[in-house]
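Coordinate-derived values only; no laboratory data. Keep in mind it's a predicted model, so treat the numbers as computed, not measured. Neighbour counts run over all protein chains shown; Cβ positions are idealised from the backbone, glycine included.
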Amino acid sequence: MSTASGRATPRGLAEKVRSIRAGQRAAIARAITELENGLPSAAALSAALESFAGRAQVVGVTGPPGAGKSTLVDALVRECVSRGRRVAVVAIDPSSPITGGAVLGDRIRMGAAGSDDAVFIRSLASRGHAGGLARPVRRIVDLLDAAGFDEIVVETVGAGQSDVDIASLADASLVLCPPGLGDDVQAIKAGILEIADLLVVSKGDLPQAERAERDLKDMLHLRAPCEGWRTRVLRTSATTGEGIAALADALDTHRAEVGAGRRHARGASPAHADPQAELRGFGERDPWQQHTAIRFVEGGPGRATMSMRVGREHLNFNGKCHGGAIFSLADSAFGLASNSHGVVAVGIDTHATFELAVGEGDLLVARAIETSRSARIAVYRVDVTREDGSRVSSFTGTVYRTRRRHDGGAPEGAA
Amino acid sequence: MDTPPKILITKIGLDGHDRGSRIVAAHLRDVGMEVVYTPPWQEIPAVVKLAVEEDVDVIGVSSLATDHLIVPKLMAALREAGVGDVAVIVGGIVPDEDEKALIDAGVARVFHPGAPLGEISSYVAAAAARVRAARFPT
């Protein structure tokens, strides 16, 4: 498989793009691994493929755990294949927050669809990324789009009420609402139900399904259409096949009226739509923060809070916490706060005071806030305090804001 | 960056004894691997399609009732599909005289009843690292 290997020569890249565009299964799968694992060759590959993407309809499927997402995807995919389409499925399962391991079982529930040659299924582990998706999923969707699939179905991790990342990726978002989960007040809450283009009452053969369908329809009377599309409610049963053809019809109508490839017009990546998750991810990928046991607490645009419990390894020869350790904590908060706007920011100057000696066992918290920001320069103040509130260090830092974006998207000012 | 190995645990043929494959799959998950697990009764073309699309590093085939004899056919099908570089291990009840045939067919390792889980996961981790290094040279 030398054609699909990770070497980043221009010739190798062109060959790889050709194999992917020709729909070669092994080349597509190998390239997904490159993107999933963020190999050095990934950025060039994504850039080379992006211009071919934008034709496929991306269908997001989300809903609570056990709602029947994989079962519905199986039935829907088979329906699409019977209409002559080529379909790719990206199924995301949770990673263990403790070991990082995962059992990827969604595709097993997609029994019949999985063995069809017109179908390509790839399972991804969420790898600690919150929001229902996995970090590189947008690039993977672009790749599958460039490979010529007509429909790309993205099945999220079993979602909670506020896991809404899928909406920024999908052209059409399906939210599954299995019957019997709540009363009509559930139906008017903000969050996941709001992102639905199609609300699907799954397990439609159960007795309470009719009631769930009615509650959702009542809710929709109160809502204005969005981008010209009025959310529809459908009832499906993957067991009896009821409603599956109607669901595929509704997706076709949505494509005709609203279009495909809308993620490109929206610009922001799912990760950037959720800065908290993006900042947490930065901390998890930062070897120095891992090594020094600096933890992400909270963050958002222009701010970040980090903590560090002083251990033996943080001490100096005097038995007190080393100034370098305190500086690292403040600098980490500074780094995350300044990188919270989607563009890569690099530190160019810092100053720190040391006002209180702290020792082993003390919990230190650093809070960074933005004091000014222009197009290229931003300034941050970081207060480091001990658990009892006493000030340990005052830190100021200045960054240069580059033209590069964290999501690998087009740099600012590019045509 | 360190990324978890990706492993397929499956059973081919008519043998339905899946306790062993479940235990191994759960153990590999617990040591931090990403495991694609299938129920028993898989057919070779389905396993090959799955291995290609998921781009797994290692395939573990569990066999307790002579289905290990199908594994050489699986090896040939994997090579034909262009993924002959995946490491295939077999676990379960494999008579000594058959083990040699499996190794000759390209199987990397056979684990017999009583193999400690830690030994299996150490072997799988090393095999996955070798496959990855060959696939994505730096």
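Some observations on this one:
- 5 angstrom amide H check on B:Val88, placed H, neighbours 5+ away: B:Ile59, B:Ala108
- Taking a ≥ b ≥ c as the square roots of the eigenvalues of the Cα gyration tensor, the protein assembly as shown is classed as oblate, since a/c reaches at least 1.5 and a/b does not exceed b/c.
- Sorted by Cβ density within 10 Å, fewest first, the residues A:Ile369, A:Ile140, A:Ile98, A:Ile28: A:Ile98, A:Ile369, A:Ile140, A:Ile28
- Fewest-first sequence of A:Glu36, A:Glu284 by Cβ atoms within 10 Å of each Cβ: A:Glu284, A:Glu36
- The stretch A:275-405, relative contact order [Cα under 8 Å, separation at least 6], %: 25
- J(HN,Hα) series, the stretch A:375-389, from Karplus relation 6.51 cos²θ - 1.76 cosθ + 1.60, nearest Hz, glycine and proline x: 4, 10, 10, 9, 10, 10, 10, 10, 9, 9, 10, 8, 3, 6, x
- For A:Arg127, distant residues with modelled amide H under 5 Å away: A:Ser95
- Cut-off under 5 Å, modelled amide H: who pairs with A:Ser393 long-range: A:Glu355, A:Val384
- For the cross-link pairs B:Lys49/B:Lys100; B:Lys11/B:Lys100; A:Lys69/B:Lys11, the C-alpha atoms of every pair lie within 29 Å.
- Residue of B:Arg29, B:Arg79, B:Arg109 that the Gaussian network model of chain B assigns the largest fluctuation, springs spanning Cα pairs under 10 Å: B:Arg79
- Cα→Cβ-extended label distance, 7 Å offset, between A:Asp252 and A:Glu355, nm: 6.9
- Relative contact order, percent, chain A [alpha-carbon distance under 8 Å, six or more residues apart]: 12
- Note, ³J(HN,Hα) from phi for the stretch B:110-122, Karplus 6.51, -1.76, 1.60, rounded to Hz, x at Gly and Pro: 10, 9, 9, x, x, 4, x, 4, x, 5, 5, 5, 5
- For chain A, built as a Gaussian network whose Cα springs stay under 10 Å, the top-fluctuating residue of A:Arg235, A:Arg376, A:Arg138: A:Arg376
- The phi torsions of the stretch A:91-108, fed into the Karplus equation with coefficients 6.51, -1.76 and 1.60 and a -60° offset, translate into couplings of 10, 10, 10, x, 8, 5, x, 9, 9, x, x, 7, 10, 9, x, 4, 5, 5 Hz, rounded to whole numbers, with Gly and Pro shown as x.
- Largest GNM mean-square fluctuation among A:Glu34, A:Glu278, A:Glu257, using chain A with Cα springs under 10 Å: A:Glu257.
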